[in-house]
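Chemist: Quick one: this structure, given as structure tokens, is what I'll be asking you about.
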Amino acid sequence: MTPSQSGTMNLTLNVWRQKNPQDAGKMVTYPARNIDPNMSFLEMLDVVNDEMTLKGEEPIAFDSDCREGICGSCSLVINGVPHGGSKATASCQLHMRLFKDGDVISIEPWRAKAFPIVKDLICDRGSFDRIIQAGGFVSVNTGGTPDANCLPIGKKDADRAMDAAACIGCGACVAACKNASAMLFVSAKVAHLAQLPQGKIEAKERVKNMVAQMDAEGFGNCSNQSECQAACPKEISVDFIAQMNREYLKSSV
Ligand code: SF4
Ligand code: FES
């Protein structure tokens, strides 16, 4: 039955609850009542949290910010799939109309050594920030605003750089990978800059440093199963991993 007579749905949520990084954590079952199918998944959690707060219970902690698929904050493993398995859709853009009245839904955080759980569904993705920091700066001449088109960039390069720049740094690629590899994320960041003339000056150092930091953070290796690409809300292609490997090889000769 989709949705019930009143137009709303009643669901059962199995949610990962963990008080702090030291707590062992466990799945806890909650009802989600009178859920409007037009709500987003996070709005549904807001409704559940409101009810819990009114009852004096500790609401479920989860990350979100833009709620429009562009910031990369939301990070839920829904029914075992990062972001819920709807093609090119972040958790915040997932709508309840995709579920049926009476459904049982499991909700867990990203699970990876390099993403330690802070509380409930929130994990620490600072490792991604440190990889970006390791990438360093891009040489640009300061001064007046350059004229448009004074640095022509071919459409193919511009489009490819834009495709890589679409990565929102959510970490679903890591959560989807059995090795918890961050190769898709790192390759998107490396390729984005390596594709453009502005990024070529420090390209060699950048790829070496970012890969070294990725390894130091404890992410696993890529075994070419493309689960990362399937889970990515921005459809970042594994082709970028091949490009990063080429960039890395160039940097070492
Ligand atoms: S590559 Fe995709 S899944 Fe990975 S961090 Fe970027 S947007 Fe998220
Ligand atoms: S909350 Fe910003 S991408 Fe989901």
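Chemist: With 10 angstrom as the radius, rank Val140, Val118 by how many other C-beta atoms surround their C-beta, starting from the fewest.
Modeler: Numbers: Val140 9, Val118 16.
Fewest to most other Cβ atoms nearby, the residues stand as Val140, Val118.
Chemist: Test of understanding: in a Gaussian network model of the chain with alpha carbons linked when under 10 Å, which of Ala24, Ala175, Ala191 would top the mean-square fluctuation ranking?
Modeler: Ala24
Chemist: Projected onto the charge dipole of the chain (+1 at Lys/Arg Cβ, -1 at Asp/Glu Cβ, origin at the Cα centre), which of Val77, Cys177, Pro116 gives the Cα projection farthest towards the positive end?
Modeler: Cys177
Chemist: Have a look at the chain and give its Rg and Dmax from the Cα atoms, expressed in angstrom.
Modeler: According to the Cα coordinates of the chain, Rg and Dmax are 20.6, 68 Å.
Chemist: Would the stretch 168-237 count as rounded, prolate or oblate if I go by the C-alpha gyration tensor, calling it rounded below 1.5 in a/c and otherwise prolate when a/b exceeds b/c, oblate otherwise? Each step should come with its number before you reach the end.
Modeler: Values: a/c = 2.53, a/b = 1.48, b/c = 1.71.
Verdict is oblate for the stretch 168-237.
Chemist: Over the alpha-carbon set of the stretch 107-253, work out the extent along each principal axis and list the three values in angstrom, largest first.
Modeler: 50, 32, 29
Chemist: Follow-up. When 1/r is averaged over all different Cα pairs and the result inverted, which Kirkwood radius in Å belongs to the stretch 1-67?
Modeler: Values: mean 1/r = 0.0754 Å⁻¹.
Kirkwood hydrodynamic radius for the stretch 1-67: 13.3 Å.
Chemist: Top mean-square fluctuation among Thr29, Thr142, Thr53, Gaussian network model of the chain, C-alpha springs under 10 Å?
Modeler: It is Thr142.
Chemist: Could you please state, rounded to a whole Å, how far the C-alpha centre of the stretch 77-133 is from the C-alpha centre of the stretch 136-153?
Modeler: A separation of 37 Å, based on Cα centres.
Chemist: Taking the chain as a Gaussian network, where each spring joins two C-alpha atoms under 10 Å apart, which residue of Lys156, Lys113, Lys234 fluctuates the most?
Modeler: Between Lys156, Lys113, Lys234, it is Lys156 that shows the largest mean-square fluctuation.
Chemist: Report, in deg cm²/dmol and to the nearest 500, the calculated mean residue ellipticity at 222 nm for the chain, where each DSSP H run with n ≥ 4 adds -39500 (n - 2.57) and the sum is divided by the residue count. If you can, show how the numbers build up before the last one.
Modeler: Numbers: 8 runs with 83 residues, N = 253.
Calculated at 222 nm, the ellipticity per residue is -9500 deg cm²/dmol.
Chemist: At most 12 other Cβ atoms within 10 Å plus a DSSP loop assignment makes a site exposed; report the longest stretch of the chain without any exposed GluC sites (Glu not before Pro).
Modeler: Numbers: sites that count: Glu57, Glu68, Glu235.
After excluding every exposed loop site, the longest remaining stretch is 69-234.
Chemist: For the chain, which cysteines have no second Cys with its Cβ under 4.7 Å from theirs?
Modeler: When partners are defined as cysteine Cβ atoms under 4.7 Å apart, the chain leaves Cys123, Cys150, Cys167, Cys170, Cys177, Cys222, Cys232 without one.
All of the numbers you see were taken from the coordinates with simple rules; none came from a lab. None of these values were measured; they are calculated from a predicted model. As a convention, Cβ positions derive from the backbone with ideal geometry for all residues, glycine included, and neighbour counts pool all protein chains shown.
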